[in-house]
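Participant: Take this structure first; my questions come after.
Since every read-out is calculated from the coordinates, none of them should be taken as a lab result. Owing to the predicted nature of the structure, the values given are computational and were not obtained by experimental measurement. Heads up, the Cβs are rebuilt from the backbone with ideal geometry, glycines too, and the neighbour counts pull from every protein chain shown.
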């Protein structure tokens, strides 16, 4: 998977496919609530597996059952296809726990 920085048009198109995500500068973010703390941890565990497989790791903040994910490819200095791919996998993990 390419770690080349995305163009503005590519970022806009990518975020159109990820309606729960928003952009904060060179980062995309999503906040979601799990049913309870154990469910939030299960989501994080699933995301950890995907992140390891992609060798691309999100910033994750856990506050009881609220999760905040932040993605950026620091080595590329911005957003890449890796960020969009992992965002979609995070959505899948959250949906599986819903």
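Participant: Whole Å is fine, so just give me how far the alpha carbon centre of segment 54-98 lies from that of segment 1-35.
Facilitator: Computed from Cα coordinates, the inter-centre distance equals 9 Å.
Participant: Which ordering of 90, 11 is given by a fewest-first count of other beta-carbon atoms within 10 Å?
Facilitator: Values: 90 26, 11 19.
Going from sparsest to densest Cβ surroundings: 11, 90.
Participant: OK, next. When the helix-only estimate is applied to the chain (DSSP H runs of n ≥ 4, each -39,500 (n - 2.57), divided by the residue count), what is the mean residue ellipticity at 222 nm, nearest 500 deg cm²/dmol? Don't jump to the answer; show the numbers that get you there.
Facilitator: Working: 3 runs with 44 residues, N = 98.
Dividing the helical sum by the residues of the chain leaves -14500 deg cm²/dmol.
Participant: Starting from 0.36 nm per residue, how many nanometres of slack lie between residue 41 and residue 12 once their C-alpha separation is accounted for?
Facilitator: On the way: separation 29, 0.36 × 29 = 10.44 nm, distance 3.02 nm.
Extending this stretch completely gives an extra 7.4 nm.
Participant: Taking the beta-carbon count within 10 Å as an exposure proxy, list 21, 64 from fewest neighbours to most. Write down the numbers at each step before the final one.
Facilitator: Working: 21 20, 64 10.
Fewest-to-most ranking of 21, 64: 64, 21.
Participant: Treat the count of other C-beta atoms within 10 Å as a stand-in for reagent exposure and order 9, 61 from fewest to most. Let's see the in-between values first.
Facilitator: Numbers: 9 8, 61 12.
The order, fewest Cβ neighbours first, is 9, 61.
Participant: Take residue 54 and residue 68, extend 7 Å from each Cα along the Cα→Cβ direction, and tell me the distance between the two endpoints in nm.
Facilitator: Placing both labels 7 Å beyond Cα along the Cβ direction yields 2.0 nm.
Participant: A further question follows. Let me check against my output: what whole-number percent is the relative contact order of the chain, with C-alpha pairs under 8 Å and at least 6 apart? Walk me through the numbers on the way to the answer.
Facilitator: Details: 140 pairs, mean separation 37.6, N = 98.
About 38 percent, as a whole number.
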